[in-house]
Amino acid sequence: MKRIAIIAALVTVVAFAAATASAQATSSGGLTTTATVNGSINLLFNSDASGVTLTGSGTNAATLAFGNVSAYGSLSANVGRSVGGSSFTVSSPFDVQVSKVNSASANYTLKAQLNTADAVNTWQVGGNTITSASQVTITSTGAYATNVPYTLALTIPFTTASSTNISNIVNFTATAN
């Protein structure tokens, strides 16, 4: 009988201990997570096989350096030149690649604009004269995920002094259609 009483006492202690252990304070919750996916595009400049090698090719901030230019005499590799009656033009092709993700856009519009006014020289992209006054449409049907070649042309008057440094930034904007 003593054994039964001891066993009963042990069962009671174990049951009480289990009840006390499960009575620990707890709390729970759920974190609702939301996100809205927006389509996006990315513009990169790449060196064209026929043009001047771009510094920073494969980025959206490249440099096309014509080097030393003149109406007559030698030019850097892959720099084209034409000479007119009062000016000369140097030019080089470069590529623009625009990629898209999460977008149903079929193509894009590409615009260009000079960063700083240039009252002396004439700048062209793809045959379109650009200035700092406003953006100029270069194409309204740009193809995604491919290198699209354009030519940058800089026309310099014969009246420009020797050793004059010419520098400007051509800002490009691609907009999904």
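In nm, what is the difference between 0.36 nm times the number of residues separating Thr32 and Thr137 and their Cα-Cα distance?
Details: separation 105, 0.36 × 105 = 37.80 nm, distance 4.42 nm.
In short, 33.4 nm is gained.
Cut-off 13 Å, label point 7 angstrom out along Cα-to-Cβ of Asn42: give me the residues of the stretch 124-145 whose amide nitrogen falls inside.
Of the residues in the stretch 124-145, 145 have backbone N under 13 Å from the label point off Asn42.
Pop out the Kirkwood hydrodynamic radius of the chain from its pairwise C-alpha distances, inverse of mean 1/r, in Å to one decimal. Don't jump to the answer; show the numbers that get you there.
Numbers: mean 1/r = 0.0476 Å⁻¹.
So the Kirkwood estimate lands at 21.0 Å.
Rule-of-thumb check for the stretch 108-177: C-alpha Rg over 2.2 N^0.38 Å?
On the way: Rg = 13.7 Å, N = 70, 2.2 N^0.38 = 11.1 Å.
Compactness ratio reported: 1.24.
Using a Gaussian network for the chain with springs between C-alpha atoms less than 10 Å apart, which of these wobbles most: Ser76, Ser28, Ser103?
Ser28
Express the relative contact order of the stretch 42-176 as a whole percentage, based on alpha carbon pairs under 8 Å and six or more residues apart in sequence.
Details: 289 pairs, mean separation 35.6, N = 135.
Computed value for the stretch 42-176: 26 percent relative contact order.
Once fully extended, how much extra length lies between Ser105 and Val120, figured as 0.36 nm per residue of separation less the alpha-carbon to alpha-carbon distance?
On the way: separation 15, 0.36 × 15 = 5.40 nm, distance 3.90 nm.
Once the chain is fully extended between Ser105 and Val120, it gains 1.5 nm.
Ranked from highest to lowest mean number of other Cβ atoms within 10 Å per residue, what is the order of the peptides 162-171, 37-46? Please report the intermediate quantities before stating the final value.
On the way: 162-171: 10.3, 37-46: 14.0.
In decreasing order of mean packing, 162-171, 37-46 become 37-46, 162-171.
How do the peptides 105-111, 63-69 rank, highest first, by the average count of neighbouring beta carbon atoms within 10 Å per residue? Intermediate values should be presented prior to the final figure.
Numbers: 105-111: 17.4, 63-69: 14.6.
Per-residue mean Cβ counts within 10 Å order the peptides as 105-111, 63-69.
Stretched out fully, how many nm does the piece from Ser86 to Ala49 gain, at 0.36 nm a residue minus the Cα gap?
Values: separation 37, 0.36 × 37 = 13.32 nm, distance 3.06 nm.
Full extension from Ser86 to Ala49 adds 10.3 nm.
About its Cα centre, what dipole magnitude does the chain give when the only charges are +1 on Lys and Arg Cβ and -1 on Asp and Glu Cβ, stated in debye to the nearest 20? Before the final figure, lay out each step's value.
Details: 5 positive and 3 negative charges, 179 e Å.
It works out to roughly 860 debye.
Starting from the Cα of Tyr72, step 7 Å along the direction of its Cβ; do the same at Asn60; then give the gap between the two resulting points in nm.
4.6 nm
Measure nothing but the geometry: give the 0 to 90° angle between the long axis through the Cα atoms of 2-21 and the longest principal axis through the Cα atoms of the chain, rounded to 10°.
For 2-21 against the chain, the angle is about 30 degrees.
Which whole-Hz couplings ³J(HN,Hα) result when phi for each residue of the stretch 117-131 is put into the Karplus expression 6.51 cos²θ - 1.76 cosθ + 1.60, θ = phi - 60°, listed in order with x for Gly and Pro?
Each residue of the stretch 117-131 in turn: 4, 9, 7, 9, 9, 10, 10, 9, 10, x, x, 9, 6, 10, 9 Hz.
Values in this text are rule-based calculations from the coordinates and carry no lab data. These numbers were taken from a predicted model, which means no experiment stands behind them. Cβ sites come from the backbone with ideal geometry, for glycine too, and all protein chains shown count toward neighbours.
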